Amino acid sequence: MKTLTSTPNKLPLVELHKEPDGSVSKAAFAKDVEAGLSKKNKTLSSRYFYDSRGSQLFQDIMALPEYYLTRSEFEVLTDQKEAIAAEVAAEGFFHLIDLGAGDALKTKILLRELHKQKQQFDYVPVDISGHAMQELTERLHHELPDVPVQAVVGEYIQALEWLQEHKSERKVVLFLGSNIGNFTSDESMAFLKIVRSYLGSGDKLLMGMDLRKDPNTILDAYDDKTGVTAAFNLNLLRRINEELGGNFDLNCFSHYATYDPQAGVMRSYLVSRKRQEVWIEAIGKMFSFTAWETIHTENSHKYSLEQAQEMGKATNFSIETVFLDKNQYFADILFAVK
Ligand code: TRP
């Protein structure tokens, strides 16, 4: 499964993922959609949001005035880059492993600072999109030619497993954005335990966590006035139509977002505005919706700092430093392995 491809003009990528460019196989997509729409409480997985139109819409979400998450984390990284870089680099050479690197817009702030501080490291961006990793490698080659880059195309865990070949070398794992929040509580604990199992003493994890705040501020971020978030959520149905031969009428579904301030969970749904039936060719089945029946599409957890500490404790990490923006909306938390 491990192949090192090195074609002329292209920089070497380690490819652990078999599907081209982050796409999922049609069969796996169809199977997940069938399972989700057959449940009593229908669901569709948020992992299918990001086809090319979905990724574009998410870019638009990040530019919305209501969507504070991206801007807050940018502020954290920009305002505190000196301290963050010095702390992660404290103990000599390390691999900087960026889970879900994408275009690495946020990570580049740290890369530039680490380079400026003359820290010894190499950069290992990990992403499911081969295209994104190829582009990032080439761009970094021009922008930061002195920083060694080894991109890995694959799932997070696959990449960490691959890195076991470099067991003795220090590792700093980045899990930026608020991806941890999209896992269920059980999933996030399991994920942190797996990451921890691949790390040793002196290794670190810098993780983004969206914090609890005025519930209205959170709700607005997932239900903007201009309808970009609605289009993003509905794009899931458009993608099923396009890739699986579905006949969802997008005008007959709407976006609904609700925040549970006690659980600290933002929940997003698609609502069937009438009784209707939808045929999906690739599944060969008709799915029935009653009026106002919902499809759950994503949870986004918001954390208190106490919760972050508990999550660390339960998974054998200790919090070294909490980096916050001025509003205290978002935290990049540096977890250390004791
Ligand atoms: N995963 C992102 C988040 O939780 C994506 C997102 C933003 C999203 N707005 C959304 C997912 C609305 C579903 C519905 O912030």
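The values are calculated or read from the model by the stated rules, or taken from the named source; none is laboratory data. Computed from a prediction, not measured in an experiment: that's the story for all the values here. Don't worry about glycine lacking a Cβ; one is built from the backbone with ideal geometry, like all the others, and counts go over all protein chains shown.
Answer yes if at least one residue in the range 263-280 is within 16 Å of the ligand (Cβ to nearest atom), touching a helix residue (DSSP H, G or I) at 6+ places or on another chain (Cβ under 8 Å), part of a loop (DSSP other than H, G, I, E, B) and farther than 30 Å from residue 173 by Cβ, and no otherwise. Within the range 263-280 (the criterion being within 16 Å of the ligand (Cβ to nearest atom), touching a helix residue (DSSP H, G or I) at 6+ places or on another chain (Cβ under 8 Å), part of a loop (DSSP other than H, G, I, E, B) and farther than 30 Å from residue 173 by Cβ), the answer is no, since none of the residues qualifies. Any residue that is in a loop (DSSP other than H, G, I, E, B), under 22 Å from the mean Cα position of the chain (by Cα) and surrounded by fewer than 19 Cβ atoms within 10 Å (Cβ to Cβ) - is there at least one of those in the range 305-315? Checked the range 305-315: no residue is in a loop (DSSP other than H, G, I, E, B), under 22 Å from the mean Cα position of the chain (by Cα) and surrounded by fewer than 19 Cβ atoms within 10 Å (Cβ to Cβ). Any residue in the range 234-241 that is within 16 Å of the ligand (Cβ to nearest atom), in a strand (DSSP E or B) and not small (Gly, Ala, Ser)? Within the range 234-241 (the criterion being within 16 Å of the ligand (Cβ to nearest atom), in a strand (DSSP E or B) and not small (Gly, Ala, Ser)), the answer is no, since none of the residues qualifies.
Only a single item in (1) within 13 Å of the ligand (Cβ to nearest atom); (2) surrounded by fewer than 17 Cβ atoms within 10 Å (Cβ to Cβ); (3) of a type in the set (A, V, I, L, M, F, W, C) is not met by residue 218, and it is number (2).
The residues of the range 246-287 that are within 16 Å of residue 38 (Cβ to Cβ) and without any contact (Cβ under 8 Å) to a residue 12 or more places away in the chain, listed by number, are 284, 286.
Matching residues to (1) closer than 28 Å to residue 218 by Cα; (2) of a type outside the set (A, V, I, L, M, F, W, C); (3) in contact (Cβ under 8 Å) with a residue 12 or more places away in the chain:
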position	(1), (2), (3)
289	no, no, yes
292	yes, no, yes
298	yes, yes, yes
329	yes, yes, yes
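Within the range 63-99, the residues that satisfy the criterion of being assigned to a helix (DSSP H, G or I) and among the charged types (D, E, K, R) are 71, 73, 75, 79, 81, 82, 87.
Would you be able to say whether some residue in the range 10-30 is touching a helix residue (DSSP H, G or I) at 6+ places or on another chain (Cβ under 6 Å) and at pLDDT 95 or above?
Going residue by residue through the range 10-30, those that are touching a helix residue (DSSP H, G or I) at 6+ places or on another chain (Cβ under 6 Å) are 11, 13, 16, 21, 30.
Next, from what is left, pick out any that are at pLDDT 95 or above: 30.
Yes; the residues of the range 10-30 include at least one that is touching a helix residue (DSSP H, G or I) at 6+ places or on another chain (Cβ under 6 Å) and at pLDDT 95 or above.
Among the residues of the range 179-213, those identified as under 17 Å from residue 45 (Cβ atoms) and in a loop (DSSP other than H, G, I, E, B) are 183, 184.
For the structure I just gave you, tell me whether residue 223 is crowded, with 20+ Cβ neighbours inside 10 Å and within 10 Å of the ligand (Cβ to nearest atom). It would help to see each step written out before you state the result.
Working: crowded, with 20+ Cβ neighbours inside 10 Å: no; within 10 Å of the ligand (Cβ to nearest atom): yes.
No.
Answer yes if at least one residue in the range 160-177 is within 16 Å of the ligand (Cβ to nearest atom) and either in a helix (DSSP H, G or I) or surrounded by fewer than 19 Cβ atoms within 10 Å (Cβ to Cβ) (or both), and no otherwise. No, that holds for no residue. Scan the range 214-233 residue by residue and report those that are in a helix (DSSP H, G or I) and under 20 Å from residue 75 (Cβ atoms). Matches in the range 214-233: 217, 218, 220, 221. Picking from residues in the range 281-303 that are assigned to a loop (DSSP other than H, G, I, E, B) and farther than 30 Å from residue 332 by Cβ, the one that is farthest from the ligand (Cβ to nearest atom) is 284.
Looking across the range 42-67, just one residue is under 19 Å from residue 211 (Cα atoms) and more than 10 Å from the ligand (Cβ to nearest atom), and that is 65.
From the list 272, 188, exactly one residue is out of contact with any Leu (no Cβ under 8 Å at 6 or more places or on another chain), surrounded by 18 or more Cβ atoms within 10 Å (Cβ to Cβ) and farther than 29 Å from residue 74 by Cβ. Which is it?
Details: 188 fails: farther than 29 Å from residue 74 by Cβ.
Result of the check over 272, 188: 272.
The condition (being free of Cβ contacts under 8 Å to residues at least 40 places away in the same chain and in contact with a Pro (Cβ under 7 Å, 6 or more places away or on another chain)) is satisfied by just one residue among 90, 104: 104.
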